[in-house]
Ligand SMILES: Cc1cc2nc3c(=O)[nH]c(=O)nc-3n(C[C@H](O)[C@H](O)[C@H](O)COP(=O)(O)O)c2cc1C
Ligand code: SF4
Ligand code: SF4
């Protein structure tokens, strides 16, 4: 079964791309991504000047991952050797780049093209460090800035967007006009781990990139929104941990999907297992091509205004006498849920206004919404 | 037929084709044989190919630089050295002290030593000396905004834009009487800074009184300039110094006269350095990507020397943007210790 994907004229053997990050920061890492079956590997962001790493640079609390990593620590000459040394097999190499001016971007992009990059991804609005906000989000200069690169190179140029920049239809239009051929969205959110109350100090020394499973809902929404704003392909990034997440993004119209934190947290082997699971799922459902599912869920996404208000109320779908759970009661601001003398949960349909939270939170599906 | 087409036909990258020509030892035997056979088949001998076959390469480049005292020039040297080292080139170094004749002598000397290319920093060559360069086929890159010596490749930091943003920032903080100290030995940079300041003055809706003076680019220069201002009772509300050194001198003069920075005098520097963030108050300054500038210049030069690129496709002007590091000396009172524009 062939689940290959066409991205801006490149044939990807599957829909999985490894995202820009330290897992693809040297030849060994890139090779491991390729060997694990990634259809394309995006390098850590390359600049004209290398960036020294700070330590520590990864922070984690519960499921929340933060990084303070900005740009590759390799010189461009070392990247030349890296790109030379790796055995690409049938994978594509996409170089992530950043520069401070149009000419810097154009020069760097052209150099990397000549070193063998199959495509470029502009790290347009990374959340870490400081950069000219005007270019990363919206300015009259953005178009010239990107166009200089697009006009100089002969390979596809993709723009990697932050949540903020992806949310602006105006900015998206500008990038289209500048000639980018695809959008990657989203980059990490800007985040802070928290504050140590006793010491009155932040728990990490600078703003970090907040990534991983918690940002997936944001990224899902951005994929769907970009599908509506733009005809260009969207490569989704943000919070993919399981193969189902990949399928979700595809069903919202993604052309391909990027893996990032999941590699950082579970190692390179996860790439292979996600690819295999996606293909198994596709095959077991009888789909012959990614096109069979791409964007399939978009039709069910409606504007808020078009949703007809219905008068539903909570009722018991089965009796509940659990004494170890009060989730439904806690959830109800209307105090519609009580226990009767027999210790059974009862919803008072005259008080209930149908918000649905008790239903969402009930672990036993003991409550449902039905017509008043 | 061009190098790109050869790369396509041979099924390799452009870089590989170029390496086959320039550094055949770095290419696997089969790949080299294959690429050479494709080149032969299509009768492909680019001019740079001929050049690198005929001329003996010395694997040496020259760097002509006005001075080595300032952080800016030191970082440029470091950047050039880094890339040259990566590419296995040695760097011959000449300090011109801003004298065109000295620079011309160096160019002569470097040619005699058979360097593969020359990087000139803030070149002062003009007039007759330029003729010398015109007849010179040696690859050259100018670090500086102008094409004084007919070099067709140049790179520079956009000081004008940086100075504009710095001035705009000072105006936004409410300073109405602004003065700039320029480096008397570096008219090139001073002119760019002046142009940027002027743009900011033109774009603002406020009425700003602006003046400027020349001073030595040193702690002493800054110290004396501010002493003079104090004595003539013509202190501005905000002072833009040409460098961190000048700004440190200005701070000392202000402290001696019990003038508080930033309350009585706001201060900002057109160049940043490691000391700016540890001064008290921390100095607002323009971070110039000078190491990156040196790296870029060396790359653009080696691009030409090795003909590693379909050179016509490459941008020949490279402009790097500085970054305004807003700290405390300008009168910024935000809690966060440093922020940037
Ligand atoms: C440790 C780390 C380093 C990263 N470095 C880069 C980078 O160099 N360039 C870039 O564009 N994105 C970088 N990212 C962002 C990822 O490519 C990705 O867009 C983001 O992590 C969201 O996806 P995720 O939630 O699946 O991790 C980095 C992310 C992490 C966790
Ligand atoms: S649906 Fe909302 S209002 Fe109704 S009982 Fe449940 S929580 Fe209360
Ligand atoms: S949330 Fe469900 S399981 Fe928990 S008490 Fe309510 S009905 Fe019972």
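The values are calculated or read from the model by the stated rules, or taken from the named source; none is laboratory data. Just so it is clear, the model here is predicted, and its values are computed rather than measured. FYI the Cβ positions are ideal-geometry reconstructions off the backbone, even for glycines, and counts take in every protein chain you see.
When the residues of the stretch A:48-67 are filtered to those that are in contact with a helix residue (DSSP H, G or I) (Cβ under 7 Å, 6 or more places away or on another chain) and within 14 Å of chain B (Cβ to nearest Cβ), the one that is surrounded by the fewest Cβ atoms within 10 Å (Cβ to Cβ) is A:49. As for the stretch A:353-367, it holds at least one residue that is away from ligand 3 (no atom under 16 Å from the Cβ) and part of a loop (DSSP other than H, G, I, E, B).
Considering A:369, A:357, the condition of being away from ligand 1 (no atom under 16 Å from the Cβ), farther than 22 Å from residue A:235 by Cα and touching a residue at least 40 places away in the same chain (Cβ under 8 Å) is satisfied by A:369 alone.
For the residues A:41, A:82, the requirement of being assigned by TED's automatic domain parsing to the domain that holds residue A:122, assigned to a strand (DSSP E or B), more than 16 Å from ligand 3 (Cβ to nearest atom) and modelled with pLDDT of 95 or more singles out A:41. The residue pairs whose first member lies in the stretch A:39-51 and is more than 23 Å from residue A:17 (Cβ to Cβ), whose second member is in a strand (DSSP E or B) and away from ligand 1 (no atom under 12 Å from the Cβ), and whose beta carbons are closer than 9 Å, counting only pairs six or more residues apart or on different chains, are A:48/B:318; A:48/B:320.
For the structure I just gave you, tell me whether residue A:333 is surrounded by 12 or more Cβ atoms within 10 Å (Cβ to Cβ), within 16 Å of ligand 2 (Cβ to nearest atom) and at pLDDT 95 or above. Answer is no for this residue. Hey, among A:54, A:93, which residue is in a strand (DSSP E or B), away from ligand 3 (no atom under 16 Å from the Cβ), over 18 Å from the mean Cα position of the chain (by Cα) and within 26 Å of residue A:261 (Cβ to Cβ)? On inspection, the qualifying residue turns out to be A:93. Within the stretch B:39-86, if we keep just the residues that are modelled with pLDDT of 90 or more and over 30 Å from residue B:185 (Cα atoms), the residue that is farthest from the chain's Cα centre (by Cα) turns out to be B:59.
Checking each residue in the stretch B:249-270 for being within 24 Å of the chain's Cα centre (by Cα) and over 17 Å from residue B:179 (Cβ atoms) picks out no residue at all.
Taking the listed residues A:307, A:337, A:274, the one that is within 16 Å of ligand 1 (Cβ to nearest atom) and either away from chain B (no Cβ under 14 Å) or under 30 Å from residue A:240 (Cα atoms) (or both) is A:274, with no other qualifying.
For residue B:279, state whether it is under 21 Å from residue B:160 (Cβ atoms) and outside any helix (DSSP H, G or I).
In short, no.
Answer yes if at least one residue in the stretch B:226-235 is part of a loop (DSSP other than H, G, I, E, B), without any contact (Cβ under 8 Å) to a residue 24 or more places away in the chain and within 20 Å of residue B:331 (Cα to Cα), and no otherwise. For the stretch B:226-235, residues part of a loop (DSSP other than H, G, I, E, B), without any contact (Cβ under 8 Å) to a residue 24 or more places away in the chain and within 20 Å of residue B:331 (Cα to Cα): present. Among the residues of the stretch B:87-103, at least one is on the phi < 0 side of the Ramachandran plot, within 14 Å of chain A (Cβ to nearest Cβ) and either more than 20 Å from the chain's Cα centre (by Cα) or part of a strand (DSSP E or B) (or both).
Of the candidates B:281, B:322, B:289, the single residue that is out of contact with any strand residue (DSSP E or B) (no Cβ under 7 Å at 6 or more places or on another chain) and either modelled with pLDDT of 90 or more or surrounded by fewer than 22 Cβ atoms within 10 Å (Cβ to Cβ) (or both) is B:281. Do any helices (runs of 4 or more DSSP H) lying entirely in the stretch A:148-253 carry at least 1 residues that are in contact (Cβ under 8 Å) with a residue 40 or more places away in the chain and surrounded by fewer than 20 Cβ atoms within 10 Å (Cβ to Cβ), and which ones are they? Those helices (runs of 4 or more DSSP H) span A:169-178, A:216-229, A:243-251. Against the test of being touching a residue at least 40 places away in the same chain (Cβ under 8 Å) and more than 14 Å from chain A (Cβ to nearest Cβ), the options B:253, B:213, B:257, B:242 yield a single qualifying residue, B:242.
Take residue A:86 and tell me if it is within 21 Å of the chain's Cα centre (by Cα) and either within 25 Å of residue A:277 (Cβ to Cβ) or touching a residue at least 24 places away in the same chain (Cβ under 8 Å) (or both). No; evaluated as a whole, the condition is false for this residue. You will find that of A:346, A:313, the residue that is in contact (Cβ under 8 Å) with a residue 40 or more places away in the chain, surrounded by 16 or more Cβ atoms within 10 Å (Cβ to Cβ), more than 9 Å from ligand 3 (Cβ to nearest atom) and over 35 Å from the mean Cα position of the chain (by Cα) is A:313 and no other. Among residues that are in a helix (DSSP H, G or I), at the interface with chain A (Cβ under 7 Å from one of its Cβ atoms), at pLDDT 90 or above and closer than 30 Å to residue A:152 by Cβ, residue B:300 is not included.
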